[in-house]
1. Filter segment B:143-165 down to the residues that are part of a strand (DSSP E or B) and without any contact (Cβ under 8 Å) to a residue 40 or more places away in the chain and list them by number.
2. Show the residue pairs meeting these rules: Cβ distance below 8 Å; 6+ apart or different chains; first residue within segment A:133-150 and within 18 Å of A:G186 (Cα to Cα) and of a type outside the set (D, E, K, R); second residue at pLDDT below 90 and surrounded by fewer than 18 Cβ atoms within 10 Å (Cβ to Cβ).
3. Filter segment A:63-80 for residues that are more than 10 Å from chain B (Cβ to nearest Cβ) and surrounded by 13 or more Cβ atoms within 10 Å (Cβ to Cβ) and give the result.
4. Is it the case that segment B:363-377 has a residue that's surrounded by fewer than 22 Cβ atoms within 10 Å (Cβ to Cβ), within 18 Å of A:K50 (Cβ to Cβ) and under 28 Å from the mean Cα position of the chain (by Cα)?
5. Determine which member of the set B:S186, B:S167, B:S194, B:S138 is farther than 29 Å from B:E229 by Cβ and of a type in the set (G, A, S).
6. Of everything in segment A:190-205, what is touching a residue at least 60 places away in the same chain (Cβ under 8 Å) and outside any loop (DSSP other than H, G, I, E, B)? Give them in sequence order.
7. Looking only at segment A:100-122, which residues are away from chain B (no Cβ under 14 Å), in a helix (DSSP H, G or I) and not polar (S, T, N, Q)?
8. So the check is Cβ under 7 Å with 6+ separation or different chains; which pairs have a first residue in segment A:34-59 that's away from chain B (no Cβ under 14 Å) and surrounded by fewer than 17 Cβ atoms within 10 Å (Cβ to Cβ) and a second one that's part of a helix (DSSP H, G or I) and among the hydroxyl-bearing types (S, T, Y)?
Amino acid sequence: MLSIQNLEARIDNKNILNGLNLNINPGEVHAIMGPNGSGKSTLANVLSGKNGYETKGLIKFNETDLNDLSTEERAQKGIFLAFQYPLEIPGVNTNIFLRTSLNAVRKAKGEKEIDTLTFLKLIKEKASELGIDEKFLSRQLNVGFSGGEKKKNEILQMKLLQPKLSILDETDSGLDIDALRIVADGVNSYKNKDNAFLIITHYQRLLDYIKPDFIHVLSNGKIAKTGGAELGIELEKTGYANIS
Amino acid sequence: MKQFYDFKVEKIKDLSPEDKNLREEYLDLFYKNGFPNKKEEDWKFTDLNSILSKNFDNITNKDFLLDNKKLNFINEFEHNHIYLLDGKLISSDLTYEDRNKISIIDFNYKNNITIDKNNSLNLLNNALAMGGFTLEVSKNYKLNKPLIIYNYFSKDIKETIINNKNSIILNDNSELTLINYIDNKSKDNFMVNSMENIEIRRDALLKNIFINNSKSAGYFYKYIKSDLEKNSVFENYILSSGLKFNKLDIEINLNQEYAKSTIFSALNLLESEHQEIKTRINHNSQNCQSYQKIKNVLSDQSKGVYQGKIFVKKIAQKTDAYQLSKALILNDDAEFDAKPELEIYADDVKCSHGSTSGSIDLDSLHYLKSRGIPEKEAYKMLISGFLGETLEKLIEENVKFFLLKKLEGQINGN
């Protein structure tokens, strides 16, 4: 599904990614761990098509070269990034944002746009699965939401848009145990043999709930080590110091 | 400089000799000053004399043109209305109200003279005013529905000035939501110079909304003087995008304690539109509150101006005054000028002001795009969110919905 070959990324004349290789197949859950500044968030940003990075190398998503696609086209083709810091957008109603987003993705896929009533029914159902109070949906997007509410809202968007590849950038940060479980349940219930996940995290604790097939350790902009789920537990004990 | 105006009192029919003399005196005073220019502090960023001289050949005053129109009613929500044609009261309809509780009467020149000799547009208005209304709401009466003032203008209005005077009185504990609605698509230049006197008595609430239906090549100036008594509230919402030129000059006198005023403005200016909001909030008594949030989005060669002054008298302790101006400048040729001023003589007050200008937040844009929303649409969402946020406090859902729809239309350039 996703194939990254020799990816380099620079921002403000600083090399962040230095020849990263990664393959993700449908049905797989990959976790990326690594110390601060190792390039985890840069990888997420580059995959989402954020401006400002100079990149080299190949990123293929289902045979399409991602370098040719704008951010919105990537999203329409099924790449979803759950932001580490979801943005507060004053004046934009959450419901209207969600419907605009869903319809933009549907339209790009050649599907019919969804009408307001059907949408409201759908979103109500998805929100209740994640324990999101309906009232949040009529508020301004993320404005005044707590950290946990913002992260839940990201997972709600994921479940609504039904991406093929979901990238979760430190979705566990700022979550209490209950919220963490709800978010993990949200991910687990969406997981199937046709979609895949790339989970960026500092801690093993999210991986206790969402079991990864592979764990990669990122160091100096490269994958320094790859292992199975047990690698996370090992790292929890030994730290990143021995990996380079 | 060429003379681009020619005003004559004698064009106004049926004046008593006394009125005629008075008007002539005001006109002489106006001619001594001419239209305001940038040398005057209040017109520092809006050189009206120069703007008008570039855009008009010869502005004249006329007697009523009275080219009667069929009103194009707003049908999004039920409302009462007043119909003004060229500033003159034509009819009113208070279908939803107790007729004994509201009076709307025609313009009365003598009752409506305001003297501010430093304001030459006031002088001109006193010389040439020909229409308007006096609206009074009885004690304890709260209108069931909003009242829309439909402002229409005759077809043959090119190079003409209209001067009118209105007066609005809300007696104790009364409530009114007023919508000043300009429905004009003129591509011809004309000018409107209005003066409005507003009295909001104890515990009364006035909401004053400014909106127009479409683009208009008119040059609008409105001077509002308002006086608030104890515990009264005056809310303003300004959405006048699309007018070629507009200056709202609002003076609010918080004369008794616990009076409260708010001004929310949301303008999306395009092409060569030039709009100014000028406010003067006088905290004349203690425990009063004033709040101003002014938002501008500027494209093309447009110009936005905000001059906001908060004046706090020595006796006005426990004043709570807030003023914020935010502008998004989307084009290098667009301009925004802000001049916030605080003049405070009391020592126990909370006053704050801020002014920011910048461009669209790229991280926010990226966030919306990352959800599949095309860039153009994401851009518009951010702009309408930025401006629409000023309507958060408006509790009438149907009116708010209507205004948001209009705002969206303005952003789409309709």
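The values are calculated or read from the model by the stated rules, or taken from the named source; none is laboratory data. This one's a predicted model, so the numbers in the text were calculated from it and none came from an experiment. So basically every Cβ, Gly included, is an ideal-geometry build from the backbone, and we count neighbours across all protein chains shown.
1. Taking segment B:143-165 as the starting set, the residues that turn out to be part of a strand (DSSP E or B) are B:147-152, B:160-165.
Within segment B:143-165, none qualify.
2. A:G147/A:S173; A:G147/A:G174; A:G148/A:G174; A:G148/A:D176
3. Correct list: A:T64, A:L66, A:N67, A:L69.
4. no
5. Numbers: B:S167 fails: farther than 29 Å from B:E229 by Cβ; B:S194 fails: farther than 29 Å from B:E229 by Cβ; B:S138 fails: farther than 29 Å from B:E229 by Cβ.
On inspection, the qualifying residue turns out to be B:S186.
6. Selection gives A:A196, A:F197, A:L198, A:I199, A:I200.
7. Let us first name the residues in segment A:100-122 that are away from chain B (no Cβ under 14 Å), namely A:112, A:115, A:117-122.
Applying the additional criterion that residues be in a helix (DSSP H, G or I) yields A:117-122.
Scanning segment A:100-122 gives A:L117, A:F119, A:L120, A:K121, A:L122.
8. none
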